[in-house]
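S.K.: One structure, pasted below without further comment.
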Amino acid sequence: MQNPIILFEDNHLLIVSKPPSLLVQGDITRDPTLKDWAEADLAQRHNKPGKAFIGLPHRLDRPSSGIVVLAKTSKALTRISKAFADRSVKKTYWAVVEGIPKKMSAKLIHSLWKDSRLKKSFISNKKEAKEAILSYQILSSGDRYSLLEVNLETGRHHQIRCQLAKIGCPIKGDLKYGAHRSNNNGGIHLHSRHIDFIHPVNNQKIRITAPTPQDATWHACID
C-alpha cells in the first residue's frame, strides 16, 4: 500500500492525501490506520517521544482516496470540527463511474437511510431517512467509464456511492453499491480532490488539491 502524501502542514494542521484501502481510524479489524501513521510520522520528524497529538475532525471511507484534514492541536481540532459540522468546508470529489449519466450535469436529491447492521445506505421512505443532496458534472467519458466531479450539499453516510448507484452509474470497484467487478487494490474510484476552508487559527483561505492515485483507469479518464 502507498504511504499518504503530505499536501499541507503548519503548527496546527496536517493535510494529507490518503491512499485507497487505508483506514482513517481504528475499527474491529485492527488494521493500520492513517491516524497511526500520522502520529508516528510527526513524532519521528519532530523528534518527539511517544506519539504526537492527532485529532480527526472528519472521515473518509476506507476504500476511497484523497484529502483528509488532521489536527495537530486541540484548538485547531475544536474549531475545524465545528467548520465541518457547520458545512462551511467545501469538498469536491472526483469519481470514475460505470457507464455515462443521462445528463451532463444534474442535482440529485434523495432520502437516505443508513442500515447500521449492514454498514450500507439505501434510498428509503423510512421516517429516519435524511435528505441527501449532491450535484455532479461529467468531466470526460469513454466507452465504459465516465469521470465525474461531485459537490456535496449534505454529508450523509456513503452518500456519493449510494446516489450515483441509484442513477445507474456505480463507482468503479464499488461492489457494495453495484459495480460489476472489484479493483485490485480493494479500493474504489472515489477521490476527495479539492477542499476549501478558512484556517481555524489564522483565518487564511486554504485551498488544497490532491493528485489522483497512480492508476491507469484514472489517467485514461483524465488524459
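The values are calculated or read from the model by the stated rules, or taken from the named source; none is laboratory data. Just so we're clear, the structure is a prediction, and the values are computed from it rather than from any experiment. Glycine also receives a Cβ, built like all others from the backbone with ideal geometry; neighbour counts cover every protein chain displayed. Ligands, DNA and RNA are excluded from the accessible area calculation, which covers all protein heavy atoms including side chains. Shrake-Rupley method; radii C 1.70, N 1.55, O 1.52, S 1.80 Å.
S.K.: Need one word for the range 160-223: rounded, prolate or oblate. Basis is the Cα gyration tensor (sqrt eigenvalues a ≥ b ≥ c); a/c below 1.5 gives rounded, then a/b vs b/c decides.
M.R.: Details: a/c = 2.89, a/b = 1.87, b/c = 1.55.
Prolate, since a/c reaches 1.5 and a/b exceeds b/c.
S.K.: Mind listing the long-range amide H neighbours of Gly66? Cut-off is under 5 Å, sequence gap 5 or more, other chains count too, H placed in the peptide plane at 1.01 Å from N.
M.R.: Lys18, Ser192
S.K.: With a ≥ b ≥ c the root eigenvalues of the C-alpha gyration tensor of the range 111-223, is it rounded (a/c under 1.5), prolate (a/b larger than b/c) or oblate? Present the calculation step by step, with values, prior to reporting the outcome.
M.R.: On the way: a/c = 1.84, a/b = 1.05, b/c = 1.75.
Oblate, since a/c reaches 1.5 and b/c is not below a/b.
S.K.: Per residue of the range 123-134, in order, report the coupling 6.51 cos²θ - 1.76 cosθ + 1.60 (Karplus, θ = phi - 60°) as ³J(HN,Hα) in whole Hz, putting x for Gly and Pro.
M.R.: Rounded to whole hertz, the list is 5, 8, 9, 4, 5, 7, 5, 10, 5, 10, 10, 9.
S.K.: Here is a further query. Taking a quarter of the surface of the convex hull around the Cα atoms of the chain, what do you get in nm²?
M.R.: Values: hull surface 51.7 nm².
Averaged projected hull area, Cα only: 12.9 nm².
S.K.: Using unit Cβ charges (K, R positive; D, E negative) and no other charged atoms, how large, in debye to the nearest 20, is the dipole of the chain about its Cα centre? Don't skip to the end; give the middle numbers.
M.R.: Numbers: 35 positive and 20 negative charges, 145 e Å.
Magnitude of the dipole: close to 700 debye.
S.K.: Follow-up question, since we're still on this one. At most 16 other C-beta atoms within 10 Å and a DSSP loop state: those are the exposed GluC sites (Glu not before Pro) I care about. Give me the longest piece of the chain that has none. All intermediate terms of the calculation are to be shown ahead of the outcome.
M.R.: Working: sites that count: Glu128, Glu153.
Looking at the chain, 1-127 is the longest stretch - no exposed GluC sites (Glu not before Pro) with at most 16 other Cβ atoms within 10 Å.
S.K.: Next up: Could you check how many percent of all C-alpha pairs in the range 53-114 are farther apart than 16 Å? It would help to have the intermediate numbers written out before the result.
M.R.: Values: 1201 of 1891 pairs.
Tail fraction, whole percent: 64.
S.K.: Can you show me the helix-derived [θ] at 222 nm for the chain, built from DSSP H runs with n ≥ 4 at -39,500 (n - 2.57) apiece and divided by the number of residues, rounded to the nearest 500.
M.R.: Theoretical 222 nm ellipticity from helices: -5000 deg cm²/dmol.
S.K.: Probe radius 1.4 Å, ligands and nucleic acids ignored: give me the carbon and sulfur share of the accessible area of the range 150-214 as a rounded percent. Mind showing how you got there, number by number?
M.R.: Numbers: 1300 of 2960 Å².
Its accessible area is 44 percent carbon and sulfur atoms.
S.K.: A follow-up question, please. On the principal axes of its Cα set, how long, how wide and how thick is the range 68-177? Give whole Å, largest value first.
M.R.: Here the Cα extents, ordered largest to smallest, are 49, 33, 23 Å.
S.K.: Related question: Tell me, what is the per residue accessible area of the chain in Å², probe radius 1.4 Å? Mind dumping the intermediate values first?
M.R.: Numbers: 11720 Å² over 223 residues.
Per residue, the chain has 53 Å² of solvent-accessible surface.
S.K.: Okay, next question. So, in Å, what gap is there between the alpha-carbon centers of the range 97-163 and the range 167-203?
M.R.: For the range 97-163 versus the range 167-203, the Cα centre distance is 11 Å.
S.K.: Have a look at Gln204, His110, Leu148 and report the one farthest towards the positive end of the charge dipole of the chain, computed about the Cα centre with Cβ charges (Lys/Arg +1, Asp/Glu -1).
M.R.: His110
S.K.: Please give the length that would be gained between Asp86 and Lys120 if that part of the chain were fully extended, namely 0.36 nm times their separation in residues minus their C-alpha to C-alpha distance (nm, one decimal). Can you show the working numbers first?
M.R.: Details: separation 34, 0.36 × 34 = 12.24 nm, distance 2.43 nm.
Here the segment from Asp86 to Lys120 would lengthen by 9.8 nm.
S.K.: I would also like to ask the following. If you place +1 on the Cβ of every Lys and Arg and -1 on the Cβ of every Asp and Glu, how big does the dipole about the Cα centre of the range 155-223 come out, in debye to the nearest 20? Intermediate values should be presented prior to the final figure.
M.R.: Details: 9 positive and 4 negative charges, 52 e Å.
Computed about the Cα centre, the dipole is about 240 debye.
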